[in-house]
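Notes for the one structure printed next.
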C-alpha cells in the first residue's frame, strides 16, 4: 500500500515539477529580469482558461464557474502549516485593507481570496471555514483528493508533497508559496512569488486589472 502511495506521489511530483518548469519558460516572454533582482510579480497573457476542476468547500462545490466575473487570488497550503500559510493569508488581509483604504482615489476591482488545501484528509470543510474566519470571513477555503487537485495544481505549476508515510496524523506538507492571480475570465494573469509585500501586491493588482 505504501509502495503504491509512494509511486502516486512520485508521479504527481514529477508532473507538478514539469508544469512549474513550463510555467517559468512561458513567463520569459515578458522579458529578462536584471541580474540580482527578484520580480515581485510575473505577468501572463493567457488566452485559455484554467482546465476544468471541481473541489469542495464549506459552501459546497467550487469550480471554474466560481472564478468567472471577478478577480481571484489563489493560494495553496494547509491549515496546520506553521508559517507560510498564516503569513500568506495575513498578507491577503493586508492587501484587501490597502485596496479598501485607497478606494477614494480609485475604486478597486472586485476580487476574492481562495485558499486551496492540499491536505484533504485533515482539512475538512468545517475546519476550512473556521480557519478562513480567523483571517477574513470572506476568504474561501476549498480542497479535494489528489485526483481533483491535480488539474488546477498542474496548470499553475504548484508543487506539494505530504510527509505522512510514517505518521498519518501529525505530518507536515511541503508546498509552493506563490500566490496566483486569476482574471475574471478564469485565466492566469499573474504570479506573485515570495517575498510578497501587501502594498506592492495591491499596486500591481490595480495596474494589471486596469490594463
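The values are calculated or read from the model by the stated rules, or taken from the named source; none is laboratory data. It should be emphasised that the depicted structure is a prediction, and the values quoted were computed from it without experimental measurement. All Cβ positions, glycine included, derive from the backbone under ideal geometry; neighbour counts span all protein chains shown.
Numerical summary
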read-out	value
Filter result for residue 157 (on the phi > 0 side of the Ramachandran plot and at pLDDT 95 or above)	yes
Per-region count, region 43-62, residues buried (at least 18 other Cβ atoms within 10 Å of the Cβ) and out of contact with any helix residue (DSSP H, G or I) (no Cβ under 9 Å at 6 or more places or on another chain)	1
Extreme residue, nearest to the chain's Cα centre (by Cα), among residues of region 171-193 that are assigned to a strand (DSSP E or B) and surrounded by fewer than 16 Cβ atoms within 10 Å (Cβ to Cβ)	174
Some residue of region 89-98 being under 19 Å from residue 56 (Cα atoms) and touching a strand residue (DSSP E or B) at 6+ places or on another chain (Cβ under 6 Å)	no
Residue match in region 73-89 (condition: at pLDDT below 80, touching a helix residue (DSSP H, G or I) at 6+ places or on another chain (Cβ under 7 Å) and crowded, with 17+ Cβ neighbours inside 10 Å)	no
Top-ranked residue of region 103-137 - restricted to ones that are closer than 18 Å to residue 198 by Cβ, touching a residue at least 40 places away in the same chain (Cβ under 8 Å) and in a loop (DSSP other than H, G, I, E, B), ranked as farthest from the chain's Cα centre (by Cα)	106
Unique match (being surrounded by fewer than 16 Cβ atoms within 10 Å (Cβ to Cβ), part of a helix (DSSP H, G or I) and modelled with pLDDT of 95 or more) among 100, 65	65
